[in-house]
Amino acid sequence: MLEYFSAIRSLIPSRNKTSLFNNVGFKDVSFSYGDLQIFDQASWSGSSNSVIALFGINGCGKTTALRLICGSLSLNDFNGNIFPSPNIATFSFSSSNSADLNPFLKCKDVINMILESHNHSVDIPAEKLSLMIGFGKYYNTRIRQLSSGKRKILSIFRALSSLADIILLDEPFTHLDDQSTFTVIESINAIKDISTIIIASHRRDILHTLTNNIFIVSGNPSSGGDGKIFPLNH
């Protein structure tokens, strides 16, 4: 896996996003789904080109925060500022249920598309790459036939491979065994200085191994929250 990420890192040796944005986050954001308010003047900020973690229980608003950041939600019930603007940065999103993957594609199709996105500048054949990420025997398997854990790994790998300005990972450690979790951590560490990686998770034990930049999401008052986001050590 590290061989692959070293190869794609070499394609952008001088990448510098400080000219685009220095921070990512919210400023006085209020957001509702209809009558259900999720955030009430919530603010938080993390440095670009780093790992930022959003921690909280299920239903607290972590996924909503990610979708607001990448501009994938309707802002009819929205006030405040999100930075950087979605029309400035590039985004890649790995959803909690791997819905970002076409279930009818085969694993080899996804892997080939990843390599094609780098204009085949990475000198690693698709079959070798599938072995490197633990998909050798699934090379010709359709996405819909994979276990939830395998779909998750492939979704995360696709997102990290994009080397987008901001990579959003929603509950990336759910359904993963210890070895797969280690692979994801290793992959995140391999590119964390060239992409801003925002992780939403309820696994604080794992988040602490990746970053000290952890925020508590306490949105969605219906689940006991107060509509805020604040640093873990607040």
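Quick notes on this structure:
- For TYR139, the shell of other residues with beta-carbons less than 13 Å away shows a net charge of +4, using +1 for Lys and Arg and -1 for Asp and Glu.
- Segment 110-234: relative contact order in percent, alpha carbon pairs under 8 Å with at least 6 residues between: 17
- Beta bridges by DSSP in the chain, antiparallel share as percent, to the nearest 5: 50
- Relative contact order of segment 165-225, defined on C-alpha pairs under 8 angstrom at six or more residues apart (%): 42
- Members of LYS106/LYS128; LYS108/LYS150; LYS62/LYS137; LYS106/LYS192; LYS128/LYS150 lying beyond 25 Å, as alpha-carbon distances in this model show: LYS62/LYS137; LYS106/LYS192
- Computed from backbone phi with θ = phi - 60° and the Karplus coefficients 6.51, -1.76 and 1.60, the 3J(HN,Hα) list for segment 63-71 is 5, 4, 4, 4, 5, 5, 4, 8, x Hz; x is used for glycine and proline.
- The chain, helix-only ellipticity at 222 nm - DSSP H runs n ≥ 4, -39,500 (n - 2.57), divided by all residues, nearest 500: -8500 deg cm²/dmol
- LYS152, LYS228, ranked by accessible area, largest first (probe 1.4 Å): LYS228, LYS152
- For the chain, the longest principal axis of the C-alpha atoms and the axis of helix 107-117 are separated by about 80°.
- Full-stretch length increase - ILE57, ILE88 - with 0.36 nm per residue and alpha-carbon distance subtracted: 8.1 nm
- Amide H partners (placed H, <5 Å) of LEU54, local residues excluded: ILE199, ALA200, SER201, PHE215
- Measuring r between the beta carbons of GLN145 and PHE230 and using R0 = 41 Å, the FRET efficiency lands at 0.45.
- Cross-link reach is defined here as a Cα-Cα straight distance under 15 Å, omitting same-chain residues fewer than 8 places apart; for LYS228 the aspartates and glutamates meeting it are ASP28, ASP40.
- Note: relative contact order over the chain, using C-alpha pairs below 8 Å and six or more positions apart, is 32 percent.
- Solvent exposure of segment 136-205, expressed per residue, is 38 Å² of accessible area, with all protein chains present and a 1.4 angstrom probe.
- Segment 86-136 and segment 145-171: distance between their alpha carbon centers, rounded to Å: 8
- Contour minus Cα-Cα distance for ASP35 and PHE78 (0.36 nm per residue): 14.3 nm
- Amide hydrogen neighbours beyond the local backbone of THR90, cut-off 5 Å, H modeled: ASP165, ILE166
The values are calculated or read from the model by the stated rules, or taken from the named source; none is laboratory data. These numbers come from a predicted model, not from an experiment. Heads up, the Cβs are rebuilt from the backbone with ideal geometry, glycines too, and the neighbour counts pull from every protein chain shown. To get the accessible areas, we keep the full protein, side chains included, count just its heavy atoms, and leave off ligands, DNA and RNA. Shrake-Rupley method; radii C 1.70, N 1.55, O 1.52, S 1.80 Å.
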